[in-house]
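Notes follow once the structure below has been shown.
None of the figures in this text is laboratory data; all of them are computed from the coordinates on show. Since we're looking at a predicted model, the values are computed, not measured. Glycine gets a Cβ as well: all are built from the backbone with ideal geometry, and neighbour counts include every protein chain shown.
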Amino acid sequence: MKKIFIILLLMAGACGKSLPTLDGIDLKQWKDDKNGCNHYREGVVDLLTSQSDKLKVLDESQVAELLGKPDQTELYRRNQKFYTYFLEPSTKCIPSKDKFKKLVIRFNGMRVAKEVEIE
């Protein structure tokens with residue numbers, strides 16, 4: 001009986017922590033604003049900037065669950081990966097901008113977010 005209790009305790013500890021909330025950001029509208037074409041994301045850039053630390057230490061699946069599928073994914077050396085979410089209308093929008101802000105999240109080889117930048 002003691003072994004079962006220990007196993008259950010370990011399984012409960014292995015469950016990931018709950019996702020953070022991004023105060024003031026409607027995540028449904030965020031997800032619906034693919035490539036920034038609907039202009040919702042550009043209106044919440046300041047809110048996102050002030051809360052970007054909440055995204056660090058989340059893994060890839062947690063970020064995708066929270067923010068939706070990234071607009072662009074880039075594989076890099078040593079198993080690093082970059083997720084990009086366009087904050088202003090990208091070249092995939094009509095009309096688009098030549099330069100646009102974007103949220104870039106770098107994941108290390110262990111699939112954990114290590115850098116969150118708005119470029």
- Ascending count of other beta-carbon atoms within 10 Å, so fewest first, for 98, 71, 33: 98, 71, 33
- For the stretch 43-54, 3J(HN,Hα) per residue [Karplus equation, 6.51 cos²θ - 1.76 cosθ + 1.60, θ = phi - 60°, Hz, x = Gly/Pro]: x, 10, 4, 5, 4, 5, 4, 6, 10, 4, 5, 5
- Which residues' amide hydrogens lie under 5 Å from the amide hydrogen of residue 115, considering only partners 5 or more residues apart or on another chain, with H built in the peptide plane? 106
- So what's the back-of-envelope 222 nm ellipticity for the chain, counting only DSSP H runs of four-plus at -39500 (n - 2.57) apiece and dividing by all residues, rounded to 500? -7500 deg cm²/dmol
- Item | Helix 2-14 axis, angle to the chain major axis (alpha carbon atoms, nearest 10°) | 10
- Would you mind computing Rg(Cα) / (2.2 N^0.38 Å) for the stretch 19-118, counting N as its residues? 1.02
- When each of 28/99; 56/99; 54/92; 56/92; 34/99; 54/102 is checked by Cα-Cα distance, pairs over 22 Å: 28/99; 56/99; 54/92; 56/92
